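Some notes on the structure that comes next.
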Amino acid sequence: MKNRLEELRKSKGISQEELATALEVSRQTISSLEKGRYNPSILLAFKIARYFGMSIEDIFLYEEELL
């Protein structure tokens, strides 16, 4: 799943550490999310969306794989 987390974080001018603190997660979690190595729990996705004042769908871009 792709996301716009890094773009949104940089547009606010905040560091990964600052975002992590606001969301009560580690900086490594933010890094992993931004690199697409980790998909958030639904609770964390809601926290991120609320933090940026956006919907989950506007931040996390789900692309279904076609077989």
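Rank the residues Glu7, Glu34 as a footprinting-exposure proxy: fewest other Cβ atoms within 10 Å of their Cβ go first.
Working: Glu7 10, Glu34 19.
Least to most surrounded, the residues fall as Glu7, Glu34.
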The size of the Cβ-based charge dipole (Lys, Arg +1; Asp, Glu -1) of the range 2-61 about the Cα centre, to the nearest 20 debye, is 100 debye
Just in the chain: which trypsin sites (Lys or Arg not before Pro) are loop by DSSP and have at most 13 other Cβ atoms within 10 Å?
-> Lys35, Arg37
So what are the three principal axis dimensions of the chain from its Cα atoms, in whole Å, longest to shortest?
-> 40, 23, 22
In the chain, with Lys and Arg counted as +1 and Asp and Glu as -1 at Cβ, which of these residues, Ile56, Ile42, Gly13, has the Cα nearest the positive end of the dipole, that is, farthest along it?
-> Gly13
What are the residues whose amide H is under 5 Å from the amide H of Asn3, where those residues sit 5 or more places off or on another chain and H is modelled from the backbone?
-> Leu61
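Hand me the GluC sites (Glu not before Pro) from the range 35-67 located in a DSSP loop with no more than 11 other Cβ atoms within 10 Å, in residue order please.
Values: sites: Glu57, Glu63, Glu64, Glu65; in loops: Glu63, Glu64, Glu65.
Listed in order of number, the matching sites are Glu63, Glu64, Glu65.
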List every residue whose amide H lies under 5 Å from the amide H of Val25, counting only residues 5 or more places away in sequence or on a different chain, with H placed 1.01 Å from N in the peptide plane.
-> none
Using a Förster distance of 22 angstrom, determine the FRET efficiency expected from the C-beta separation of Arg37 and Ser11, and round it to 0.05.
-> 0.50
Going residue by residue through the range 49-64, the Karplus relation 6.51 cos²θ - 1.76 cosθ + 1.60 with θ = phi - 60° gives ³J(HN,Hα) values, rounded to whole Hz and with x marking Gly or Pro, of 4, 5, 4, 8, x, 10, 7, 4, 5, 7, 9, 9, 9, 7, 10, 6
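None of the figures in this text is laboratory data; all of them are computed from the coordinates on show. This is a predicted model, so every value here is computed, not measured. Cβ coordinates were reconstructed from backbone atoms using ideal geometry, including for glycine residues, and neighbour counts include every protein chain displayed.
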